[in-house]
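The values are calculated or read from the model by the stated rules, or taken from the named source; none is laboratory data. Nothing here was measured: the structure is a model prediction, and the numbers come from that model. Cβ placement follows ideal geometry from the backbone for every residue including glycine, while neighbour counts extend to all protein chains displayed.
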Amino acid sequence: MHFSPKPLRALAALVPLLLPALAHSQPAPEDDAVVVSASRTEQRIRDAIPHTTVITAREIRDSQAIDLPALLRREAGFEFAQNGGVGTISGVFMRGGRSAHTLFLIDGVRIEDASSGQTAIQHILLDEVERVEIVRGNVSSLYGSGAIGGVVQVFTRRGRGKPAPSAEFTLGARGTARLRAGYGGQLGDTRFNLTVSQFDTRGYSAINPRQAPAANPEADGYSNTSAAASITQRISARHEAGVSFYTARGRADYDSAFSTVNAVHKSAQDLDTLSGYWEARLVDAWRSRLTLAQGSDYRTDTLNGNLASRSNTRNRQLIWDNRFAVATGHEVSVGIESLKQHLVNSGLARPTYHRDASTLRLGYLGSVGAHSLQFNARSESYSDFGAANTHFAGYGYALSEDWKLIASTSTAFRAPTFVDLFGFGGNIALKPERASTRELGLQWAAGEHRLRMAIFRTEYQDAITFSASMVRNVRRAGVDGYEASYSGVLAGFDLRASLTLQDAVDQEPNAAVLPAVRRARAYGSLAAYRTWGDWRMGAELLSSGRRPDTDIVSGARVVNDGYNAANLTARYRIDKHLYAALKLENAFDERYQLIPGYDTPRRGAFISVGWQP
């Protein structure tokens, strides 16, 4: 297999991201941001061995993004394609992988569709979201099937401080209206939060009629009703319990290139998570956490008011995590998990499908002087295809107080979905898709500056693909990549930047090796925000190169042009609690398509007024 990007060319392209390290900026306080997704235990982000970034509540507020896809598209290693505007189907390509290669969690709960292996992130709006953690690369040894390209974990809002209300109202282009209200805080040993929101937009006609004349030219609207609630009770110095809930109800109009101009397609999709936990520190060196959770994804599609398809997934999880401090700076973890997956899909032969998985997970996290080490191993037993074993081994060496060299090797897998096995062209002889990754990284972390660069190579064995009217395992596919992410403060500006260079290829069953569709060889972003008095101003640039794809009607391979899109934001503090905000989306009215035939939103202005504690 041939991969074309050259290391010298990649490193040369990364030079602009090194400039903050050379600038004479005022040092900021030590970066003590804590993440949990990189090792399933709390650690400072600068200590994480997998390439991990966190999007904080302030960064979410600065971006004024509406939904999760719009927020994530700024991140290194993350690409997405969407069939239109807000609420339309989104495909995710993390580190050049396919949509089913990225695992999404909401407060630790799987919320994937068992039909496709994907998560309907287009319905996850940001009103209920407090922060997002992104872990890149193979982490199946931590999270199981699907975590080949990485894991994105969404954390909903939690109550802090004196109980207080918050609210925000938005009006804008394309008949958009949004209302969020919340109340949360802490009373003694009890923390709680409740947030509800409503979003509506008239939208626009997603399919370009010049490219697909049979599509309905009317605007495609979208509405979303979401809510999140949590309560945590500190029972004693050694015991804590909590419950969290999340729900999103998305209702979308959409177009089809193979229908008629009068056809009316609608989808109703409901995402729900519910989890409860009990955490105990029975002795000083042993911390135990028991979690019971359920995630569901119910989708119904109609054509002209009649049922077209239905797919309902329910994932139930029981997780028992145990962490043992065996010595200063050394921790061993043991986890036992049970997953029960249930699917009802109108397009499959049987009325229901079930899958059970039992898991034993082991981990080690430690450091000695300049050396740090992370090791994870996971053994799973599936009811329908047997065992799956994965591992992660990572090493970090501190070259100095600020610079660290990082290396890792890992394996991952993805179980065939029920549609892969029993749907159109299904193949009950499919093997699980497996992947292995080798990665070398360099990190600079000083004060609030954090720069992470990584060179990686992922190879897939028994990759699952659809070809010649059948789902098949192909011998090999893969991606070579170079990525960098930077966040920090420079000359008074809060900066966030990313760059990804990659060469992703798929091998077809006839042994032809072709560039993977919808993956650009180069893409990146730059966001800058600054406070002047009561004003908070920002600008965001999103850039992507050309991408191979297929024609919306004929299916022939085409090349989709690259793009450069910009968003501008402003926020004005009226008083201690009241503020107003303005966003100019696609400020220079860039005309581009993420999928051939599907237009992206034109320039639009949105104004918000809000109240915060």
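Listing for the model above:
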item: Scan of region 196-239 for residues that are closer than 22 Å to Asp551 by Cα and among the hydroxyl-bearing types (Ser, Thr, Tyr), ordered by number; result: Tyr204, Ser205
item: Cross-chain or 6+ apart pairs with Cβ under 9 Å, region 50-71 first and in contact (Cβ under 8 Å) with a residue 60 or more places away in the chain, then part of a helix (DSSP H, G or I) and among the charged types (D, E, K, R); result: Ile66/Asp127; Leu71/Glu59
item: Candidates Gly363, Gly369, Gly394, filtered to the one that is farther than 23 Å from Leu318 by Cβ, crowded, with 22+ Cβ neighbours inside 10 Å and of a type in the set (Gly, Ala, Ser); result: Gly394
item: Among (1) within 26 Å of the chain's Cα centre (by Cα); (2) within 30 Å of Gly366 (Cβ to Cβ); (3) buried (at least 19 other Cβ atoms within 10 Å of the Cβ) - the single one Arg323 does not satisfy; result: (1)
item: Number of positions in region 536-556 that are free of Cβ contacts under 8 Å to residues at least 40 places away in the same chain, among the basic types (Lys, Arg) and in a strand (DSSP E or B); result: 1
item: Unique match (being small (Gly, Ala, Ser) and under 24 Å from the mean Cα position of the chain (by Cα)) among Gly396, Gly447, Gly478, Gly426; result: Gly478
item: Filtered residues of region 558-608 (kept if out of contact with any Lys or Arg (no Cβ under 7 Å at 6 or more places or on another chain), exposed (fewer than 15 other Cβ atoms within 10 Å of the Cβ) and of a type in the set (Val, Ile, Thr)); result: Ile574, Ile607
item: Single match in Thr291, Thr302, Thr273 (criterion: closer than 20 Å to Glu130 by Cα and touching a strand residue (DSSP E or B) at 6+ places or on another chain (Cβ under 7 Å)); result: Thr273
item: Those residues of region 377-404 which are part of a strand (DSSP E or B), hydrophobic (A, V, I, L, M, F, W, C) and in contact (Cβ under 8 Å) with a residue 40 or more places away in the chain, in sequence order; result: Ala377, Ala388, Phe392, Trp403
item: Residue in region 337-348 that is assigned to a loop (DSSP other than H, G, I, E, B) and surrounded by 19 or more Cβ atoms within 10 Å (Cβ to Cβ) present; result: yes
item: Residue ranges of strands (runs of 3 or more DSSP E) in region 183-285 with at least 3 members at pLDDT 95 or above, in contact with a Leu (Cβ under 8 Å, 6 or more places away or on another chain) and of a type in the set (A, V, I, L, M); result: 220-236
item: In region 212-222, the residues that are surrounded by fewer than 24 Cβ atoms within 10 Å (Cβ to Cβ) and either of a type in the set (A, V, I, L, M) or within 14 Å of Val196 (Cα to Cα) (or both); result: Ala212, Ala214, Ala219
item: Within region 244-256, tally of residues that are of a type in the set (Val, Ile, Thr) and over 23 Å from the mean Cα position of the chain (by Cα); result: 0
item: Residue within region 156-178 that is more than 21 Å from the chain's Cα centre (by Cα), at pLDDT below 95, buried (at least 19 other Cβ atoms within 10 Å of the Cβ) and part of a loop (DSSP other than H, G, I, E, B) present; result: yes
item: Members of region 514-528 that are among the hydroxyl-bearing types (Ser, Thr, Tyr) and under 16 Å from Asp480 (Cα atoms); result: Tyr523
item: Qualifying positions in region 451-500 - of a type in the set (Val, Ile, Thr), touching a Gly at 6+ places or on another chain (Cβ under 9 Å) and over 28 Å from Gly441 (Cβ atoms); result: Val471
item: Test: residue in region 249-262 that is surrounded by 18 or more Cβ atoms within 10 Å (Cβ to Cβ), among the aromatic types (Phe, Trp, Tyr), closer than 30 Å to Gly555 by Cα and in contact with a Lys or Arg (Cβ under 8 Å, 6 or more places away or on another chain); result: yes
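Yes/no matrix, rows are residues, columns are (1) at pLDDT below 95; (2) within 19 Å of Gln64 (Cα to Cα); (3) touching an Asp or Glu at 6+ places or on another chain (Cβ under 6 Å); (4) not hydrophobic (A, V, I, L, M, F, W, C):
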residue	(1), (2), (3), (4)
Ser543	no, yes, no, yes
Val559	no, no, no, no
Ala566	no, yes, no, no
Thr569	no, yes, no, yes
Glu585	no, yes, no, yes
Arg591	no, no, no, yes
Ala605	no, yes, no, no
